[in-house]
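Data block below; observations after.
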Amino acid sequence: MKKKMISMMLCAVMTAAMVAGCGSKEAEPNEAPAAGSDVEEDAEAPAETGAPAEETEGEGEAEVSEGGTLVMATNAYFEPYEYYEGDQIVGIDAEMAAAVAEKLGMELQIEDMEFDSIIPAINSGKADIGVAGMTVTEDRLVNVNFSNPYTTATQVIIVQEGSEIAGNDDLEGKIIGVQLGTTGDIFAEDVTDATIERYNKGMDAVQALSNGIIDAVIIDNEPAKQFVSKAEGLKILDEEFVTEEYAIAIAKDNEGLLEKVNTALEELTADGTIQSIIDKYITAE
Ligand code: GLN
């Protein structure tokens, strides 16, 4: 499985914005390529007041636009972490990233793109951070750094209410829908004789499940709850795959920013900000 994961992620990186690579069938071409706001030059936000911490650091400055714009790459179809409310992208990740940006004295700019374009966007400098309910995996760590984790999640299986699939073992030989390039995609690869249908958006996979085109969807637990609540006749199986950790992805050569983000996260955890953002979007059952 490890080898598969590595080759998959390498493939994802090598093909960069060419989403159609890596054996995907369902994915459409990128409709929303990484917007090219250049962070280094984007100095329209004047040096904000109250941004003292950064000035003391001597190295890595070129990579961090002090007092400027912090560009966050995401895929905004992943409620409750990132989703549209009107033309605004809201959610746990959006609010947390805004709080981090504020700590850095920067203004947050969110760029919506396909999930598997996020790491290439970070590595090409189109974005500073990737915040997208993104799970820390060994393979992604080959290509980007991750901040300290800010929450945990699990992969779950969604099926039609009358489905004969009652647990992970019943997925054998079935048609499984996933979001392209996600950990759900990686887990589906491990299911014996399964056919994997890859979609750019998790909701598209859920739609296909509703329409009986596929047998199951493997996806993160909180978005799964949202999707199921908006569809008829679907349920989430009790059995979960492994627990995962979400963190903020940052380019390998941007250690200065990584340090600052981690410090901001520590402060926002200590003062309860992160928990209150999570509680705002996820109500305990
Ligand atoms: N947590 C999953 C991953 O990192 C899915 C993230 C997403 O679809 N936004 O692969």
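Data table
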| item | result |
| --- | --- |
| Cα centroid of the range 107-125 to Cα centroid of the range 191-270, whole Å | 17 Å |
| Proxy reagent accessibility, fewest Cβ within 10 Å first, across THR283, THR135 | THR283, THR135 |
| Cross-link pairs LYS225/LYS260; LYS126/LYS260; LYS174/LYS225; LYS126/LYS225 - those with Cα-Cα distance over 26 Å | LYS225/LYS260; LYS126/LYS225 |
| The range 80-123: relative contact order as a whole-number percent, Cα under 8 Å and 6+ apart | 23 percent |
| Test item: Cα-centred dipole of the range 213-285, Lys/Arg +1 and Asp/Glu -1 on Cβ, debye | 320 debye |
| Quotient of C-alpha Rg and 2.2 N^0.38 Å, computed over the range 82-174 | 1.38 |
| Distance (nanometres) between label positions extended 7 Å along Cα→Cβ at VAL142 and ASP190 | 1.7 nm |
| Residues PHE241, PHE227, PHE187, sorted so that the one with the fewest Cβ neighbours within 10 Å comes first | PHE241, PHE187, PHE227 |
| Fully extended contour minus Cα-Cα distance, from THR154 to LYS235, at 0.36 nm per residue | 27.6 nm |
| For the range 132-247, diffusion coefficient by Stokes-Einstein and Kirkwood Rh (Cα), 37 °C, 0.692 mPa s, µm²/s | 231 µm²/s |
| Inter-probe distance in nm under a simple model that places probes 7 Å from Cα toward Cβ, at GLU245 and ASP271 | 2.4 nm |
| Packing-based exposure ordering (other Cβ within 10 Å, fewest first) of THR182, THR154, THR69 | THR154, THR69, THR182 |
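Just so you know, all these numbers are worked out from the coordinates, no wet-lab data involved. Source: prediction; values computed, not measured. As a convention, Cβ positions derive from the backbone with ideal geometry for all residues, glycine included, and neighbour counts pool all protein chains shown.
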